[in-house]
């Protein structure tokens, strides 16, 4: 379980760095895309490990938020690839809405913190 927690926390740090760097620069740069990829990989592996260690999927607020967060993170990554390739208005929209994807992901992270 400690490795899973480290991976999920790494996803938090990486995703936060990518989102806020992009927000502060007001544009997406290739290195930010790489950070997005590492964040998603950490999240998927960490989530899978936790699910395996807990005996499978347990239906809860956290599992629903977590599943939606993974989907949002994947869509967000695909959108980042497209925004980087197209630039212009596509990148402006990406920058405008990235923070919301991060907020939704953060909600899933917070609901998983043990009480």
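Every number in this text was worked out from the coordinates using simple rules, so none of it is lab data. Just so it is clear, the structure is predicted and the values come from calculations on it, not from any experiment. Because the Cβ atoms are built from the backbone with ideal geometry, glycine has one as well, and the counts that use them run over all protein chains shown.
Provide the gained length on full extension for the span residue 90 to residue 5, in nm with one decimal, where the gain is 0.36 nm per separating residue minus the Cα-Cα distance. Could you put the intermediate results ahead of the total?
Numbers: separation 85, 0.36 × 85 = 30.60 nm, distance 3.44 nm.
Residue separation times 0.36 nm, minus the Cα-Cα distance, leaves 27.2 nm.
Normalised by the number of residues in the chain, what is the relative contact order in percent for Cα pairs under 8 Å and 6+ residues apart?
Values: 113 pairs, mean separation 39.1, N = 115.
Averaging sequence separation for qualifying contacts and normalising by length gives 34 percent for the chain.
To the nearest 10 degrees, how steeply does helix 61-86 sit against the main Cα axis of the chain, on a 0 to 90 scale?
Its long axis makes an angle of about 20 degrees.
State the Cα centre-to-centre distance between the range 5-64 and the range 80-110 in whole Å.
So the separation of the two Cα centres works out to 14 Å.
What's the angle, to the nearest 10 degrees (0 to 90), between helix 2-25's Cα axis and the longest principal axis of the chain?
20
Students often get this wrong: which residues of the range 65-83 have the backbone nitrogen under 14 Å from the point 7 angstrom along Cα-to-C-beta of residue 107?
Once the point is set 7 Å along Cα→Cβ of residue 107, 65-73 turn out to lie under 14 Å by backbone N, inside the range 65-83.
Show that you can apply the helix-only estimate: for the chain, add -39,500 (n - 2.57) for every DSSP H stretch of four or more residues, divide by all residues, and state [θ] at 222 nm to the nearest 500. Walk me through the numbers before you get to the answer.
Numbers: 4 runs with 98 residues, N = 115.
Mean residue ellipticity at 222 nm (helix-derived): -30000 deg cm²/dmol.
Taking the chain as the reference, fit the longest principal axis to its C-alpha atoms, fit the long axis of helix 30-53 to the helix C-alpha atoms, and give the angle between the two in degrees, 0 to 90, nearest 10.
So the helix axis and the longest Cα principal axis differ by about 10 degrees.
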